[in-house]
Amino acid sequence: MNSLKKWMQDSANILFDDSKNDLRSLPKAVRLQILLVLSFIWTTVFSLYVFSYTTFAFGWAGLYVAHIGLIFAVYMTFKHFHKAEEQSANVFKTKNFDPFKIMVIVFVIVFIFVFSKGIEVLTSPNPSSYSIPYDGPSKSVFEKWLPFSKDK
């Protein structure tokens, strides 16, 4: 298990660690540009292979935006982890209980709970088995609009 973890760290460091990859002699802007061009190329190849002519533009745009987001997310994650490793200080030792951080954690937990409940409802085998049957609205659109019109 430890060797798999080391292999994954080494693989990620090839792309995102400034001191270990082969592009370390280039400026950071050029390295980012190379990653974006590579994501453009791989998105185009994948889109040509998977999508039809009618869905190509939307599929390609979605994949390209996802690649850019993934590159920035992974880069920022590694940057913050390396910074935190250099300045390793436990929150319980420093007594830095930031209310914003606590609210973010609570929000993430609530979001995961709500999302999982939504998935559970969407994937339930019989969605028409709710306890309260729905027979449609009690008034038609015309009946709802009638009190606001001049012709009462």
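Values computed for the structure shown
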| read-out | value |
| --- | --- |
| Hits in the range 27-60 (condition: over 21 Å from Tyr75 (Cα atoms) and either surrounded by 12 or more Cβ atoms within 10 Å (Cβ to Cβ) or in contact with a helix residue (DSSP H, G or I) (Cβ under 8 Å, 6 or more places away or on another chain) (or both)) | Thr44, Phe46, Ser47, Leu48, Val50, Phe51, Thr55, Phe56, Gly59, Trp60 |
| Selection from the range 53-70 of residues that are in a helix (DSSP H, G or I) and more than 12 Å from the chain's Cα centre (by Cα) | Phe56, Ala57, Phe58, Gly59, Trp60, Ala61, Gly62, Leu63, Tyr64 |
| Members of the range 11-23 that are under 20 Å from Lys83 (Cβ atoms) and either surrounded by 11 or more Cβ atoms within 10 Å (Cβ to Cβ) or not assigned by TED's automatic domain parsing to the domain that holds Thr77 (or both) | Ala12, Asn13, Ile14, Leu15, Phe16, Asp17, Asp18, Lys20, Asn21 |
| Members of the range 41-80 that are among the hydroxyl-bearing types (Ser, Thr, Tyr) and under 22 Å from Gln9 (Cα atoms) | Tyr75, Thr77 |
| Residue within the range 129-143 that is modelled with pLDDT of 80 or more, of a type in the set (Gly, Ala, Ser), in a helix (DSSP H, G or I) and surrounded by 10 or more Cβ atoms within 10 Å (Cβ to Cβ) present | no |
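The values are calculated or read from the model by the stated rules, or taken from the named source; none is laboratory data. This structure is a prediction, so every number in the text was calculated from the model and none was measured. Methodologically, a virtual Cβ is constructed for each residue, glycine included, from the backbone with ideal geometry; neighbour enumeration extends over all protein chains shown.
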